[in-house]
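*Asks:* Here it is: the structure, laid out below.
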Amino acid sequence: MTQTTAESAARKQRAQIRVRTLRTDRWWLAPAFTFAGLLLFLIYGLWAIFDKSYFVDPYIAPFSSPCLATSCPEGARLFGLAPFGDWYTLPPGILILGLPGGFRLTCYYYRKAYYRSFWLSPPACAVAEPHGKYTGETRLPLILQNIHRYFFYFAIVIGLILTYDAVLALVHKPAGLGSWILLANAVLILCYTFGCHSCRHITAGRLNHFSRHPLRYKAWTLVSKLNARHQQFAWASLFSVMIADLYVRLVAKGVINFPFA
Ligand code: FES
């Protein structure tokens with residue numbers, strides 16, 4: 001190898017340092033909090049799916065909405081319908097949670113969050129990861145992350161159903177605190193959903209001239225504002241859906257009573 005070739009090969013290599021990172025700040029704090037927050041959500045979600053106290057007129061718990069089978073209490077059924085009829089007898093959450101769950105699991109922000117906090121790949125900027133090999137999202141199973149845009153369409157439907165649930169509770173007389181909690185949750189979920197990177201692409205991706213598409217430009221501007229806060233809405237809606245869900249279940253179990261209900 002000539003000296004020039006050897007020099008150029010050395011330049012292409014990463015800097016060889018003995019320590020895992022040269023960072024001296026508390027870089028582990030963010031992945032640790034993320035790990036704790038996501039784990040809490042997973043544990044709560046598992047409990048909520050199998051909890052039977054998901055409806056008390058006029059509230060339905062978000063983790064169990066929409067309720068689409070005859071096994072659902074009558075007031076809990078979406079538009080009074082039961083398209084899944086008698087054959088579906090499992091908890092309603094099992095039927096629908098794959099859609100919002102898949103939406104969050106494949107979200108660009110959450111991917112960064114759980115790749116760092118659960119998979120440590122890498123745990124933070126400028127911190128070496130423990131894995132020896134990196135294949136990115138180029139092969140199974142991570143290549144499936146590309147179906148995120150399709151989950152987005154289902155997520156819009158779920159967001160609108162949660163808004164409908166909140167409005168139904170609000171027009172009920174008397175409207176309790178739970179109506180406002182459900183409404184706040186629906187708004188945060190919609191802000192998270194419409195701030196999705198896929199939504200931004202749908203509104204104005206591949207456009208060459210904004211001036212020829214004023215409506216799409218307007219939509220893109222609005223979506224971009226939500227998109228800039230996507231991380232904040234991801235966390236706010238994660239906690240709001242847990243709080244709203246738990247609130248309804250506590251009312252249904254008689255732990256919280258009117259006028260607070
Ligand atoms: Fe986060 Fe689509 S990128 S929901």
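Laboratory data are not the source of any read-out in this text; all were calculated from the coordinates shown. This one's a predicted model, so the numbers in the text were calculated from it and none came from an experiment. For neighbour counting, all protein chains shown are included, and Cβ atoms are generated from backbone atoms with ideal geometry for every residue, glycine included.
*Asks:* Just want the answer: with Cβ charges of +1 for Lys and Arg and -1 for Asp and Glu, which residue in Gly93, Leu81, Val19 is farthest toward the dipole's positive end in the chain?
*Replies:* Final value for the positive-end residue is Val19.
*Asks:* Looking only at Leu46, Leu160, Leu105, which one moves most when the chain is put into a Gaussian network model with springs between Cα atoms under 10 Å?
*Replies:* Leu46
*Asks:* Trypsin sites (Lys or Arg not before Pro), restricted to region 104-211: which are DSSP loop and have at most 12 other Cβ atoms within 10 Å? List each step's numbers first, then the result.
*Replies:* Values: sites: Arg104, Arg111, Lys112, Arg116, Lys133, Arg139, Arg149, Arg200, Arg206; in loops: Lys133, Arg139, Arg206.
Passing both the DSSP loop test and the Cβ count: Lys133, Arg139, Arg206.
*Asks:* Multiplying the sequence separation of Val167 and Leu40 by 0.36 nm and subtracting their Cα-Cα distance, what value in nm do you get? Can you show the working numbers first?
*Replies:* Details: separation 127, 0.36 × 127 = 45.72 nm, distance 2.84 nm.
The Val167-Leu40 span can extend by a further 42.9 nm.
*Asks:* Please determine, in degrees from 0 to 90 and to the nearest 10, the orientation of helix 3-12 with respect to the longest principal axis defined by the Cα atoms of the chain, where the helix direction is its Cα long axis.
*Replies:* Around 10 degrees separate the two axes.
*Asks:* Positive end of the dipole of the chain, charges at C-beta (+1 Lys, Arg; -1 Asp, Glu), about the Cα centre: which of Ala113, Phe50, Leu177 has its Cα farthest in that direction?
*Replies:* So the residue furthest toward the plus end is Ala113.
*Asks:* Nearest 0.05, what FRET efficiency do Cys125 and Asp86 give at R0 = 41 Å with Cβ-Cβ as r?
*Replies:* About 0.15, to the nearest 0.05.
*Asks:* Of all chymotrypsin sites (Phe, Trp or Tyr not before Pro) in region 67-173, which ones are in loop regions per DSSP and have a Cβ with at most 10 other Cβ atoms within 10 Å?
*Replies:* Here the chymotrypsin sites (Phe, Trp or Tyr not before Pro) that fit, given the DSSP loop and packing criteria, are Trp87, Tyr134.
*Asks:* Unpartnered cysteines of the chain (Cβ-Cβ under 4.7 Å counts as a partner)?
*Replies:* Cysteines lacking a close Cβ partner in the chain: Cys107, Cys125, Cys191.
*Asks:* Using the Cα centre as the reference, give the magnitude of the dipole from point charges on the C-beta atoms of the chain (Lys, Arg: +1; Asp, Glu: -1; all else neutral), rounded to the nearest 20 debye. Each step should come with its number before you reach the end.
*Replies:* On the way: 26 positive and 10 negative charges, 267 e Å.
With only Lys, Arg, Asp and Glu charged at Cβ, the dipole is about 1280 debye.
*Asks:* Of Ala61, Ala169, Ala219, which is the most mobile in a GNM of the chain whose springs link Cα atoms less than 10 angstrom apart?
*Replies:* With Cα springs under 10 Å in the chain, the top fluctuation among Ala61, Ala169, Ala219 is at Ala219.
*Asks:* Using 5 Å bins from zero, what percent of all Cα-Cα pairs in the chain falls into each bin?
*Replies:* Each 5 Å bin holds this share of Cα pairs: 1, 5, 10, 13, 14, 13, 12, 10, 7, 5, 3, 2, 1, 1, 1, 0, 0, 0.
*Asks:* What is the spin-label model distance, in nm, from Arg18 to Ile143 if the labels are put 7 Å beyond Cα along the C-beta direction?
*Replies:* Using points 7 Å along Cα→Cβ, the separation is 4.2 nm.
*Asks:* Follow-up. For a quick check, take a GNM of the chain with Cα springs below 10 Å and name the residue from Ala186, Ala82, Ala166 with the largest mean-square fluctuation.
*Replies:* Among Ala186, Ala82, Ala166, the largest mean-square fluctuation in the Gaussian network model of the chain belongs to Ala82.
*Asks:* Same structure again: Amide H of Cys67 versus every other amide H placed in the peptide plane: which residues, excluding those fewer than 5 positions away on the same chain, fall under 5 Å?
*Replies:* Under 5 Å from the amide H of Cys67 lie the amide H atoms of Leu78, each far enough along the sequence or on another chain.
*Asks:* Could I ask something else about it? Rank Ile256, Met242, Cys199 by how far each Cα sits towards the positive end of the charge dipole of region 188-261 (+1 on Lys, Arg Cβ; -1 on Asp, Glu Cβ) and give me just the farthest.
*Replies:* Cys199
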